[in-house]
Amino acid sequence: MLKVRLALGACARSWKSVRMASCGMARRNPLENKVALVTASTDGIGFAIARRLAQDGAHVVVSSRKQQNVDQAVAALQGEGLSVTGTVCHVGKAEDRERLVATLWEDQERQESIKAAMKIKRIGKPEDCAGIVSFLCSEDASYITGETVVVAGGTPSHL
């Protein structure tokens, strides 16, 4: 009976720490100096994700196919004191995707502060991620499962 009580107590403590971490109680600004591009983020799940990322310290770029939706989402999140910008983006259109990515690199001061926090002192390019994705899709990675691979130019990860 004592073993059962000890096991239940350990489970309850573990659940509490997971719950605290998932609601942001365990840490402050874990995404500071990060930029998050969130597509379809003006309503529903996407909006909730954008809000949470911004609450955790990231600068968030929200996007949607309609300017009116983008404007409303940006106004709502900025009204909460969060660091947010937005742009229209239809992810099926290459030019919209390019504009989405080009959008807080427009803020040179922010770009420089992010580069200063990085070990290799440069902003990543899409190609920087391609090698690890290719590796993870290959047979060379067939025994890797359930891992987090951080491609962040040496910036510490708090996952």
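Of the heavy-atom accessible surface of segment 71-149 (probe 1.4 angstrom), what whole percent is carbon and sulfur?
53 percent
From the square roots a ≥ b ≥ c of the eigenvalues of the alpha-carbon gyration tensor of segment 56-138, which class results: rounded (a/c under 1.5), prolate (a/b over b/c), or oblate?
It comes out oblate by the Cα gyration axes.
In debye to the nearest 20, how big a dipole does segment 32-159 give about its Cα centre with +1 on each Lys and Arg Cβ and -1 on each Asp and Glu Cβ?
140 debye
Using a simple spin-label model with points 7 Å from Cα along the Cα→Cβ vector, what separation in nm is obtained for residue 32 and residue 116?
1.3 nm
If you plug each phi of segment 32-38 into the Karplus form 6.51 cos²θ - 1.76 cosθ + 1.60 with θ = phi - 60°, what whole-Hz ³J(HN,Hα) values come out, in order, with x for Gly and Pro?
4, 6, 10, 10, 10, 9, 10
Once phi is turned into θ = phi - 60°, what whole-Hz ³J(HN,Hα) does the Karplus curve with 6.51, -1.76 and 1.60 give for every residue of segment 93-102, x standing for Gly and Pro?
Ordered by residue, 3J(HN,Hα) equals 10, 4, 5, 5, 5, 5, 5, 4, 5, 5 Hz.
Return the long-range amide H neighbours of residue 86 (sequence gap of 5 or more, or a different chain), with a cut-off of under 5 Å between placed amide H atoms.
Counting only residues 5 or more places away or on other chains, the set is 62.
The values are calculated or read from the model by the stated rules, or taken from the named source; none is laboratory data. Small disclaimer: the values here were computed from a predicted structure and weren't measured. FYI the Cβ positions are ideal-geometry reconstructions off the backbone, even for glycines, and counts take in every protein chain you see. Accessible surface areas use protein heavy atoms only, side chains included; no ligands, DNA or RNA. Shrake-Rupley method; radii C 1.70, N 1.55, O 1.52, S 1.80 Å.
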